[in-house]
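Everything below concerns the one structure shown next.
Bear in mind that the values in this text are calculations on the coordinates, not laboratory data. Predicted model only: the values in this text are computed from it and were never measured. Backbone-built Cβ (ideal geometry, glycine too); neighbour counts: all protein chains shown.
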Amino acid sequence: MFTKRSVVTVIILTIITCGIYGLYWYYKTMEEMYNAGGKSLGNLTPIIQFVLLFFYVGGVIFAINADDNINEVKARMGISPSDQKIAYILLELVFPIAVLALVQNEMNQLADAGTYNSIPQQF
């Protein structure tokens, strides 16, 4: 299940900790999305995706996987998917903290949808 977090808190903690909380958030989000949606570009595990964050390409991979997994969960819930992949990639390259806010907001909305609990999780 997606963990509901305050978008404002995620942004503030990321800024206050000079990005350390952002790294924690990325890893936890990668795990949750991998477990919920089961999609990963190139079958990369969350650990490998996290390590790739330090090589700049990881942010782009995260953006692609986030969009794919969110849309997969939406499809399972009967919600029409929306393609945000290009926006996520561009923002990840220019203003990464915005991607944190957008992805966390999507996760919060799916957590609030209520029917998520009936979706079988893939490990």
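Quick check on the chain: helices-only [θ] at 222 nm, where DSSP H runs of length 4 and up contribute -39,500 (n - 2.57) each and the sum goes over total residues. Nearest 500, please.
Rounded to the nearest 500, the figure is -22000 deg cm²/dmol.
Looking at 98, 79, 36, which one has the Cα that reaches farthest to the positive end of the dipole of the chain (charges on Cβ: Lys, Arg +1; Asp, Glu -1)? Going by the charge dipole, the pick is 36. Mean sequence separation of contacting Cα pairs (under 8 Å, at least six apart), scaled by the length of the chain, corresponds to a relative contact order of 35 percent.
Grouping the Cα pair distances of the chain into 10 Å bins from zero gives a pair-distance distribution of 14, 49, 33, 5 percent in increasing distance order.
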